[in-house]
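**Student:** Pasting in a structure now, in structure tokens, and then I'll have a few things to ask.
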Amino acid sequence: MAETLPLPATSMVNAALPALSDPRTRVLRNVALAVVGSLLIIAAAKVKVPFWPVPMTLQTLAVLGLGAAYGARLGAATVALYIAYGLFGLPVFTNTPPVAAGPLYLLGPTGGFLIGFVAAAAIAGWAGSRGASLWRLAGGVVLAEIVLMALGFAWLALGAQMASGATGIGFAKAWAAGVEPFLLGDLIKAALAASLVGAGWSMLKRRG
């Protein structure tokens, strides 16, 4: 099994950057990476690409790619930082504006997907940190996507606070409105994230 690992079991970003022995320097570097990554997620959330059956953003690509490249803990922390911006009222989410950001935003229809981003980044980071075969990396990214969709679907169906005052929209409507239209686009983004991180590991392996 060890022969399938291009580099020691660490995150791609740790393998790419020089080793840091000083704990304070490592913390500062990780904070900087988290800030840069969170800003990348904001930019990706605001980019809308024409697609069928609905336009898609690049947010899932950023979350999965950063998670796989950063590792489980730093990847999840980066996504959590992004969500924290929105909780403090900054318009960082895809629908803000016109929807107002803030703590109540997480209670709305997309709240489950946002929490799912944290879990997805952690799972993708777990897979990506092994630096194993592309198939293993791809499997982890697909699992991350499934967990993301499952959390978003469950919340939209059962717990989301809708403008009408209803709690959840039911399983059938949640699938039709919140999952099905996005499946193809998200699968493409998951495959792209796995391919980019896999290519990054290959480059690092050649570099030695």
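The values are calculated or read from the model by the stated rules, or taken from the named source; none is laboratory data. Given the structure is predicted, the values throughout are model-derived calculations rather than measurements. Heads up, the Cβs are rebuilt from the backbone with ideal geometry, glycines too, and the neighbour counts pull from every protein chain shown.
**Student:** Can you work out which of the residues in the stretch 1-60 that are modelled with pLDDT under 95 and of a type in the set (G, A, S) is surrounded by the most Cβ atoms within 10 Å (Cβ to Cβ)?
**Tutor:** The extreme case among them is S11.
Residues are listed down the side, and each one gets a yes or a no for (1) without any contact (Cβ under 8 Å) to a residue 60 or more places away in the chain; (2) basic (K, R); (3) part of a loop (DSSP other than H, G, I, E, B):
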residue	(1), (2), (3)
A43	yes, no, no
A68	no, no, no
A77	yes, no, no
V92	yes, no, yes
Y105	yes, no, no
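**Student:** Restricted to the stretch 10-41, and to residues that are outside any helix (DSSP H, G or I), farther than 15 Å from A76 by Cα and not acidic (D, E), which residue is farthest from the chain's Cα centre (by Cα)? Spell out the reasoning first.
**Tutor:** First pass over the stretch 10-41, keeping only residues outside any helix (DSSP H, G or I): 10-11, 17-22.
Narrowing the set further to residues that are farther than 15 Å from A76 by Cα leaves 10, 17-22.
This time we only want the ones that are not acidic (D, E), so: 10, 17-21.
Numbers: T10: 19, L17: 22, P18: 25, A19: 25, L20: 26, S21: 29 Å.
Looking at the filtered set, the residue picked out is S21.
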